[in-house]
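Reading through the structure tokens given below for one structure.
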Amino acid sequence: MFEQIGLRIAMALNGVSLRRDEGQTLVEYALIIVTISIGVTAAMLLLRGQIAQVFSNIVSELGG
């Protein structure tokens, strides 16, 4: 037990980290993606009438 504590102290003094940042980075990217998707969804809901009008104009121009 004391050997592990000593090893951790020595590694900390040498700048070696035992933390794994890969999982933390993955969570951060996931939160960014979720935030962007919520923003896009909210924008689409607010602009749904205008978006529907644009598609309606496209369909009518194509002769449908």
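Since every read-out is calculated from the coordinates, none of them should be taken as a lab result. As the structure is a prediction and not an experimental result, all values here were calculated from the model. Cβ sites come from the backbone with ideal geometry, for glycine too, and all protein chains shown count toward neighbours.
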Task: Using θ = phi - 60° and Karplus 6.51 cos²θ - 1.76 cosθ + 1.60, couplings along the range 36-49 (whole Hz; Gly, Pro as x) - done: 5, 5, 5, x, 5, 4, 4, 5, 5, 5, 5, 9, 4, x
- [ ] May I ask you to give the average projected area over all directions of the convex hull of the Cα atoms of the range 21-64, in nm² rounded to one decimal?
- [x] 4.1
TODO: Could you go through the range 23-33 in sequence order and give the Karplus-derived ³J(HN,Hα) for each residue, using 6.51 cos²θ - 1.76 cosθ + 1.60 with θ = phi - 60°, rounded to whole Hz, and x for Gly and Pro?
DONE: x, 5, 5, 4, 5, 5, 5, 4, 5, 5, 5
Open item on the list: Between residue 34 and residue 60, how high is the FRET efficiency from 1/(1 + (r/R0)^6) when r is the Cβ-Cβ distance and R₀ = 35 Å? Nearest 0.05.
Closed with: 0.45
